[in-house]
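Trainee: Have a look at this one.
What follows draws every value from the coordinates through simple rules; no lab data is involved. As the structure is a prediction and not an experimental result, all values here were calculated from the model. Reconstructed Cβ throughout: ideal geometry from the backbone, glycine too, with neighbour counts over all protein chains shown.
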Amino acid sequence: MVSVTRGVSRAAKTPLPGKASTNGATPSAAQYRNLRETARAIRRDILLAITEAASGHPGGSLSETDVLVSLFFGGILRHDPRNPTWPDRDRFILSKGHACPGLYTVLAHRGYFPRADLSTFRKLGSHLQGHAKIGTPGVEMSSGSLGQGLSFGIGVALAGRLDKRSYRTYVLLGDGECDEGQVWEAAMAAAHYKVDTLTAIVDRNGVQNDRHTHEVMELEPLAAKWRAFGWRVIETDGHSFPALLRAFHQAQETKGQPAAIIAKTVKGKGVSFMEGNPGFHGRAPTKEQLAQALGELEFSKEEAAQAMRDLSFPDTKIAEWTGLMKEPERTKA
């Protein structure tokens, strides 16, 4: 399922060629369709894990999903799920650590740990806590307070320079997180030291905590701010795989300055009552809301039941939760 060459893991299922791969070809329609299906399954498991925990952050996890799928399944990251501490791996740092359900689910689907672990999210003794922490396979930074990931990423990138390693460093920030002064101190430092192996991605979903970002602190013109701090800025659709892969390739080609990708996304992407809704920044859906969400993602009762079995849900809960679902009217691909 996973193509590995000398410890380098590429896209799951169907390897995605492109500039990050060996043959330089453009991904096919079937390969893009595979990415979309992977993202749909990951959104399903994010919702299952958060509902089971009755706690977590679904909105930002769903908005970041396509960015993470592009990195981990789209041939962008150089990594090996069988060897998470491989010294030459590319580093991915989740600065908006409360959105860890998205990262955990991607890591589980990528083979870093069993998918069944997702049902232990936020439970005592689980390695999948409410903020990502070092020790979970694939997690590069323990997170909590916002604003720290970019500084950490600069240190990681500069360490690679000193060690003469060719790995790249990617840091995902929330747009509300960009209110933090430390983000801009880090942005200034990265440009000063010409850290061109560093890419920052801003999940620009327009919502932070219980309000929209413009109500808390006006960020615009956000792209101009990053440019003024000496970064190459690439604005893109954060839910389009062709656009995201193109943006990541452009970032890889950037020399002499760091790159910032501003990914325009929708908070709660894929679930109508969560989309753009501050109320689901940090609130788990009820089992009834989960049933509606799974239907909107076009999962049948049997598909949802199989996913719950894969996550080691008890049979009684599977029957109860799927019993609330309606069979979806599938749209044509």
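Trainee: Given Gln289, Ala307, Ala260, which one lies farthest toward the positive end of the charge dipole of segment 257-333, if we put +1 on the Cβ of every Lys and Arg and -1 on the Cβ of every Asp and Glu?
Mentor: Farthest towards the positive end: Ala260.
Trainee: Oh, and also: Over all directions, the average projected area of the alpha-carbon convex hull for segment 265-310 comes to how many nm²? The partial results should precede the final answer.
Mentor: On the way: hull surface 14.5 nm².
That works out to 3.6 nm².
Trainee: In what order do Phe280, Phe248 fall by count of nearby beta-carbon atoms within 10 Å, going from fewest to most?
Mentor: Numbers: Phe280 23, Phe248 28.
Arranged by neighbour count, lowest to highest, Phe280, Phe248 become Phe280, Phe248.
Trainee: Sticking with this structure for a sec: Loop by DSSP (not H, G, I, E, B), at most 16 other beta-carbon atoms within 10 Å: where is the longest site-free stretch of the chain for GluC sites (Glu not before Pro)?
Mentor: Counting only loop sites that pass the neighbour cut-off, the longest clear stretch is 1-217.
Trainee: If the reach is capped at under 28 angstrom between alpha carbons, list the lysines near Lys225, excluding any in the same chain fewer than eight residues apart.
Mentor: Excluding near neighbours in sequence, the set is Lys96, Lys194, Lys255, Lys264, Lys267, Lys269.
Trainee: Here's something else I'd like to know. Within the chain, what is the longest stretch that has no trypsin sites (Lys or Arg not before Pro) placed in a DSSP loop and near at most 10 other beta-carbon atoms within 10 Å?
Mentor: In the chain, the maximal stretch lacking such sites is 7-163.
Trainee: Now for a different question. Using +1 on the beta carbon of Lys and Arg, -1 on that of Asp and Glu, and nothing else charged, what's the dipole of the chain about the Cα centre, debye to 20?
Mentor: 1060
Trainee: If you don't mind, another one. Roughly how big is segment 92-197's charge dipole about its Cα centre, with Cβ charges of +1 (Lys, Arg) and -1 (Asp, Glu), in debye to the nearest 20?
Mentor: Dipole of segment 92-197, to the nearest 20 debye: 480 debye.
Trainee: Just how far, in whole angstrom, is segment 158-197 from segment 252-299 if you go by their alpha carbon centroids?
Mentor: First find each Cα centre; the distance between them is then 24 Å.
Trainee: Considering the chain as a Gaussian network with a 10 Å cut-off on Cα pairs, which listed residue, Thr199, Thr316, Thr120, attains the greatest mean-square fluctuation?
Mentor: Among Thr199, Thr316, Thr120, the largest mean-square fluctuation in the Gaussian network model of the chain belongs to Thr316.
Trainee: Taking every pair of distinct Cα atoms and averaging 1/r, then inverting, what Kirkwood hydrodynamic radius in Å comes out for the chain?
Mentor: 19.9
Trainee: Once the dipole of the chain is set up with Lys and Arg at +1 and Asp and Glu at -1 on Cβ about the Cα centre, which of Val156, Ala319, Ile93 lies farthest towards its positive end?
Mentor: Positive-end residue among those listed: Val156.
Trainee: Here is a follow-up. Determine ³J(HN,Hα), in whole Hz, for all residues of segment 27-32 in sequence, where each value follows from phi through the Karplus function 6.51 cos²θ - 1.76 cosθ + 1.60 and θ = phi - 60°; x replaces Gly and Pro.
Mentor: 3J(HN,Hα) across segment 27-32, in whole Hz: x, 7, 4, 5, 5, 5.
Trainee: Which order do Phe113, Phe229 fall in if you start with the one that has the fewest other Cβ atoms within 10 Å?
Mentor: Phe113, Phe229
Trainee: What is the dipole size for segment 198-333, taken about its Cα centre, with +1 at each Lys and Arg Cβ and -1 at each Asp and Glu Cβ, in debye to the nearest 20? Intermediate values should be presented prior to the final figure.
Mentor: Values: 18 positive and 19 negative charges, 100 e Å.
That gives a dipole near 480 debye.
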